[in-house]
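Input: a single structure, listed below in structure tokens.
The values are calculated or read from the model by the stated rules, or taken from the named source; none is laboratory data. Fair warning: this is a prediction, and the values are worked out from it, not measured in the lab. Here the Cβ positions follow ideal geometry from the backbone for every residue, glycine too, while neighbour counts run over all protein chains shown. Quick note on the areas: whole protein, heavy atoms, side chains included, nothing else; ligands and nucleic acids left out. Shrake-Rupley method; radii C 1.70, N 1.55, O 1.52, S 1.80 Å.
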Amino acid sequence: QVQLVESGGGLVQAGGSLTLSCVASGSIFSIYAMGWYRQAPGKQRELVAVITNTGSTNYADSVKGRFTVSRDNTKNTVYLRMNSLKPEDTAAYSCNADIRIGALGGLNTYWGQGTQVTVSS
């Protein structure tokens, strides 16, 4: 079994910063891409940022220049540093990861439960 657990969400004023963390644990052989998604009430889930196992990153246009995704492969952890937060960043943030269990195992995508980020104006 594999689990992804997010932390670091909370309430912050506009212009503030938060750092989210997501730790993968379980029978992990290797982790490929790790990403952050968010879903605001009444809206579809959207990609925020993704980072590959080689460090390549991609961001949603709405967060470029404000958010930074990084990972620590020794800790199976992905981070999302969020600066200059805006009320429109308010959403439930979830991480996912493409994980292979065992050398001959298939590649599957796993999701965390999510952490709430609320930005007040």
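GNM remark for the chain: springs join alpha carbons under 10 Å apart, and the peak mean-square fluctuation among GLY106, GLY15, GLY35 falls on GLY106. Consider a paramagnetic label point 7 Å from the Cα of GLN44 along Cα→Cβ; state which residues of region 57-75 have an amide N under 17 Å from it. Residues 60-62 qualify, since their backbone N sits under 17 Å from the label point. Between THR57 and SER121, what FRET efficiency comes out of the Förster formula 1/(1 + (r/R0)^6) with R0 = 35 Å and r the beta carbon distance, rounded to 0.05? E(calc), rounded to 0.05, equals 0.75. Summed over the residues of region 45-121 and divided among them, the accessible surface reaches 52 Å² per residue at a probe radius of 1.4 Å.
Summary of the geometry: region 6-20 and region 84-121, compared by the centres of their Cα atoms, lie 14 Å apart.
Estimated at 0.36 nm per residue, the fully extended path between ASP72 and ALA103 surpasses their Cα-Cα distance by 9.1 nm.
In loop segments of region 1-88 as defined by DSSP, there are no GluC sites (Glu not before Pro) with at most 12 further C-beta atoms inside 10 Å of their C-beta.
Sequence-ordered 3J(HN,Hα) estimates for region 112-121 from the Karplus curve with 6.51, -1.76 and 1.60 and θ = phi - 60° stand at x, 7, x, 9, 7, 10, 10, 10, 8, 8 Hz, glycine and proline given as x. Surface composition of the chain: carbon plus sulfur atoms hold 47% of the accessible area, using a 1.4 angstrom probe and ignoring ligands, DNA and RNA. For the chain, the spread of Cα positions along the three principal axes, ordered from largest to smallest, is 49, 25, 23 Å.
In the chain the longest region clear of trypsin sites (Lys or Arg not before Pro) that are loop-assigned by DSSP and have at most 14 other C-beta atoms within 10 Å covers 76-121.
Proximity of backbone amide H atoms, modeled 1.01 Å from N, is registered between ASN58 and VAL50 at under 5 Å, excluding neighbours fewer than 5 places apart on the same chain. Loop-only chymotrypsin sites (Phe, Trp or Tyr not before Pro) in region 1-37, please: DSSP not H, G, I, E or B, and at most 14 other Cβ atoms within 10 Å. Within region 1-37, the qualifying chymotrypsin sites (Phe, Trp or Tyr not before Pro) (loop, at most 14 other Cβ atoms within 10 Å) are PHE29.
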